[in-house]
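Asker: Can you keep this structure in mind? I'll have questions shortly.
The values are calculated or read from the model by the stated rules, or taken from the named source; none is laboratory data. It should be emphasised that the depicted structure is a prediction, and the values quoted were computed from it without experimental measurement. Neighbour counts run over all protein chains shown; Cβ positions are idealised from the backbone, glycine included.
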Amino acid sequence: MNQQQLTLALTGASGMPYALKLLQALVKANWQVHLLISSAAKVVLKTETELDIPSQPKAAQAFLTEYCQAQPEQILCYGKDDWFSPVASGSAAPKYMVICPCSMGTVSAVTHGASDNLIERAADVVIKEKGQLIIVPREMPFSAIHLDNMAKLAHLGVTVMPANPGFYHAPKTIDDLVEFVVARILDHIGVEQTMVKPWGYKPK
């Protein structure tokens, strides 16, 4: 598919509504999404959204393709040990990656180059190939260890984007707050969005 591509990873942390809204927005914008979902993320997904994602990558791909009304192979799902997937190689991986939500265990592993599973490996590839990695850390509070790890990633060029929505657009629903965070992620990777007007623009 001749499309913009992005790797989206979901880890075992709170914030799954952001991930689903982001996935839907990317599909709507005609991006191809290489999707990585950890086992813990599937548990949190079911808890926060009631979505029961199948364990097998192909089944998960079919489920999410229907859920997001995506085109065939617009969403591609991989297992945690699928080392022959494009995201595992610097010669094939998308230049953009978002980890949303991002657990502190994942932050630690990426900071120290662990690469023990496909999510960590994909993040390592994006960093070494000087692509754009965005992490959306889980809910507060953060310990000094967490902050130190995120600072190290920021010094490497990783965008650390905690899900801290602004209130200057007068949100009225939880979905408004979710869209604010997703809109900021889309802005950073150059995807046009109409969820939140840029500062200084009055809504029509």
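Asker: Any idea which of 155, 146, 169 is touching a Lys or Arg at 6+ places or on another chain (Cβ under 9 Å) and more than 16 Å from residue 10 (Cβ to Cβ)?
Answerer: The match here is 169.
Asker: Of the residues 183, 163, 122, which is farther than 18 Å from residue 7 by Cα, surrounded by 16 or more Cβ atoms within 10 Å (Cβ to Cβ), within 18 Å of the chain's Cα centre (by Cα) and among the small types (Gly, Ala, Ser)?
Answerer: Details: 183 fails: farther than 18 Å from residue 7 by Cα; 122 fails: farther than 18 Å from residue 7 by Cα.
On inspection, the qualifying residue turns out to be 163.
Asker: I'd like to verify a number: residues in segment 18-44 that are closer than 20 Å to residue 104 by Cβ and more than 11 Å from the chain's Cα centre (by Cα), how many?
Answerer: Residues that pass the stated criteria total 7.
Asker: Please enumerate the residues belonging to segment 39-68 that are among the hydroxyl-bearing types (Ser, Thr, Tyr), surrounded by 14 or more Cβ atoms within 10 Å (Cβ to Cβ) and assigned to a loop (DSSP other than H, G, I, E, B).
Answerer: Answer for segment 39-68, where residues must be among the hydroxyl-bearing types (Ser, Thr, Tyr), surrounded by 14 or more Cβ atoms within 10 Å (Cβ to Cβ) and assigned to a loop (DSSP other than H, G, I, E, B): there is none.
Asker: Restricting attention to segment 128-139, and to residues there that are in a loop (DSSP other than H, G, I, E, B) and either aliphatic (A, V, I, L, M) or within 17 Å of the chain's Cα centre (by Cα) (or both), which single residue is farthest from residue 181 (Cα to Cα)?
Answerer: Result: 131.
Asker: Then there is this: Can you tell me which of (1) surrounded by fewer than 22 Cβ atoms within 10 Å (Cβ to Cβ); (2) over 21 Å from residue 177 (Cα atoms); (3) in contact with a helix residue (DSSP H, G or I) (Cβ under 9 Å, 6 or more places away or on another chain) is the one residue 36 doesn't meet?
Answerer: Of (1) surrounded by fewer than 22 Cβ atoms within 10 Å (Cβ to Cβ); (2) over 21 Å from residue 177 (Cα atoms); (3) in contact with a helix residue (DSSP H, G or I) (Cβ under 9 Å, 6 or more places away or on another chain), only one is false for residue 36: (1).
Asker: Something else about it: Give me a count of the residues in segment 140-156 that are surrounded by 12 or more Cβ atoms within 10 Å (Cβ to Cβ), assigned to a loop (DSSP other than H, G, I, E, B) and not aliphatic (A, V, I, L, M).
Answerer: Result for segment 140-156: 1.
Asker: Another question, if that's okay. Could you please let me know if residue 20 is buried (at least 18 other Cβ atoms within 10 Å of the Cβ), without any contact (Cβ under 8 Å) to a residue 60 or more places away in the chain and touching a Phe, Trp or Tyr at 6+ places or on another chain (Cβ under 9 Å)?
Answerer: Yes: the conditions hold for residue 20.
Asker: Among the residues of segment 93-113, count how many are within 14 Å of residue 158 (Cβ to Cβ) and either touching a strand residue (DSSP E or B) at 6+ places or on another chain (Cβ under 6 Å) or buried (at least 24 other Cβ atoms within 10 Å of the Cβ) (or both).
Answerer: Selection size over segment 93-113: 9.
Asker: All but one of (1) crowded, with 19+ Cβ neighbours inside 10 Å; (2) over 28 Å from residue 88 (Cβ atoms); (3) touching an Asp or Glu at 6+ places or on another chain (Cβ under 9 Å); (4) not basic (Lys, Arg) hold for residue 193; which doesn't?
Answerer: Here residue 193 clears every test but (1).
Asker: Next question. When residues of segment 123-144 are filtered for being touching a residue at least 40 places away in the same chain (Cβ under 8 Å) and polar (S, T, N, Q), how many remain?
Answerer: 1
Asker: Which of the residues spanning segment 26-38 are part of a helix (DSSP H, G or I) and aliphatic (A, V, I, L, M)?
Answerer: Selection gives 26, 27.
Asker: Under 7 Å between Cβ atoms, which residue pairs at least 6 apart in sequence (or on different chains) link something in segment 4-15 that is in contact (Cβ under 8 Å) with a residue 24 or more places away in the chain with a partner that is polar (S, T, N, Q)?
Answerer: Filtered contacts from segment 4-15: 5/32; 10/38; 11/38; 11/103; 11/106; 12/38; 12/103; 13/103.
Asker: Within segment 39-74, restricting attention to residues that are modelled with pLDDT of 95 or more and charged (D, E, K, R), which residue is farthest from residue 176 (Cα to Cα)?
Answerer: Among those residues, the one meeting the criterion is 58.
Asker: Let me ask another. Report, by residue number, each residue of segment 104-127 that is closer than 19 Å to residue 82 by Cβ, part of a helix (DSSP H, G or I) and not β-branched (Val, Ile, Thr).
Answerer: Correct list: 109, 118, 120, 121, 122, 123, 124.
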